[in-house]
1. Out of (1) surrounded by fewer than 20 Cβ atoms within 10 Å (Cβ to Cβ); (2) assigned to a loop (DSSP other than H, G, I, E, B); (3) not charged (D, E, K, R), what's the single condition that is false for Ile134?
2. Of these, Ile217, Ile201, Ile172, which one is among the aliphatic types (A, V, I, L, M) and over 21 Å from Phe310 (Cβ atoms)?
3. Mind counting the residues in region 83-129 that are touching a Pro at 6+ places or on another chain (Cβ under 7 Å), within 30 Å of Ile334 (Cβ to Cβ) and not acidic (Asp, Glu)?
4. What pairs come out if I take residues in region 86-100 that are touching a residue at least 60 places away in the same chain (Cβ under 8 Å) and pair them with residues that are in a strand (DSSP E or B) and acidic (Asp, Glu) whose C-beta lies under 9 Å away, six or more apart or interchain?
5. Listed residues Ile93, Ile134, Ile78, Ile116; which is at pLDDT 95 or above, within 21 Å of the chain's Cα centre (by Cα) and farther than 30 Å from Lys365 by Cβ?
6. Name, by its number, the condition in (1) touching a residue at least 12 places away in the same chain (Cβ under 8 Å); (2) surrounded by fewer than 21 Cβ atoms within 10 Å (Cβ to Cβ) that does not hold for Met77.
7. Whether any residue in region 174-187 is touching a His at 6+ places or on another chain (Cβ under 9 Å), aromatic (Phe, Trp, Tyr) and not in a helix (DSSP H, G or I) is what I want to check.
8. In region 139-165, which residues are polar (S, T, N, Q), part of a loop (DSSP other than H, G, I, E, B) and surrounded by 14 or more Cβ atoms within 10 Å (Cβ to Cβ)?
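The values are calculated or read from the model by the stated rules, or taken from the named source; none is laboratory data. These numbers come from a predicted model, not from an experiment. Cβ placement follows ideal geometry from the backbone for every residue including glycine, while neighbour counts extend to all protein chains displayed.
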Amino acid sequence: MKIVTVIGARPQIIKAAALSRAIKEHFEKEVKEVIVHTGQHYDDNMSQVFFDELGIPAPNYNLGVGSASHGVQTAKMIEGIEEILLKEKPDYIVLYGDTNSTLAGAVAASKIHVPIVHIEAGLRSFNKSMPEEINRICCDHCSTLLFSPTATGFKNLIHEGFNPDNKRRFTIDNPGIYHCGDVMYDNSKHFANIADKKSQILDKEGLRGVDYVLCTIHRDNNTDQPERLNAIFKALLKISESKTVVLPLHPRTSKLLNVNLEKSLFEKITNNPNIKILPPASFLDMIVLERHAQMVVTDSGGVQKEAFFFQKPCLILRTETEWKEIVECGAAVITDADEERIIKSFNNYMENPPHKFPEIFGDGKAAEFICKEMLENF
């Protein structure tokens, strides 16, 4: 069986590591994987370092699309992916999550009848102003095999008309849906001890033994809207009065801080010894930063989950989350970009940290399950 795996953004590269590892360890004689990197994230710190660090096979193709508007970027990807699919003639294309690379792969493959496997299917924010929501819905409804990491995602698919009782052989018109657990949980379990041995981030940044809050900000509705960005950083400034704030900066955020923050706030942030602004962190460094943080503050879907994996309370800088279970069990709270809510939620968690982190993301063998199901339907 030949599969083409499409990746382009940092989280997809990491997720792909779980599937590539499962193939190598359990299905090497049965599955050939061809990896296509769209180049959606092309900064070495956001991309190449993950291939090197996680032992992912080098991409067979790199489209090198780089940064552009949604339309231009997606169009270039569709053109490049279609050409590769026609050349490679795979049995499946494997797509992850909800990026423009995901959408491009879904459009290209469905038009030429290559069956689509969507990993992280069924996730919904129910906010269609998010480009990611459009991408994930479109991909789901073009897919043949849909693997949801959570029970909520599985139920979302059923509510949208997917039939859980469909029988093989699955096709785009007779899709198979699964609740399989999360490949990122696979990775977190696998790499946690490796990260502690290999990462030097705590010693390098003087964080060993320090009580700190880890924060990541990258979504365009936070970085590109001055009112929201200022509210977030005013809250972080307040938090820094009692805790060190560690902030690995996404390239988008780094470019916009000086532009969108009030001048006086920008100066206070950049001159504050309790706010440590770092370059983008590698996956192993992020695992270590998450494991040793007291709390996580983020607008990233992936970091929300990783905080939960490592039993850390999380403040979500958005109006909603796809990972509703972590909010429902009290391990995370949605604060949006609201200064008062961020500070109030921070204080609440410092006084009463959550103690319940139920096993809602599977058994750490989701990638192995996905490979087996692809082969069964092959």
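1. (2)
2. Just a single option satisfies the conditions, and that option is Ile172.
3. Here the count works out to 1.
4. From region 86-100, the pairs are Val94/Glu33.
5. After ruling out the rest, the residue left standing is Ile134.
6. The single condition Met77 does not satisfy is (2).
7. No, region 174-187 contains no residue that is touching a His at 6+ places or on another chain (Cβ under 9 Å), aromatic (Phe, Trp, Tyr) and not in a helix (DSSP H, G or I).
8. Ser143, Thr144, Thr150
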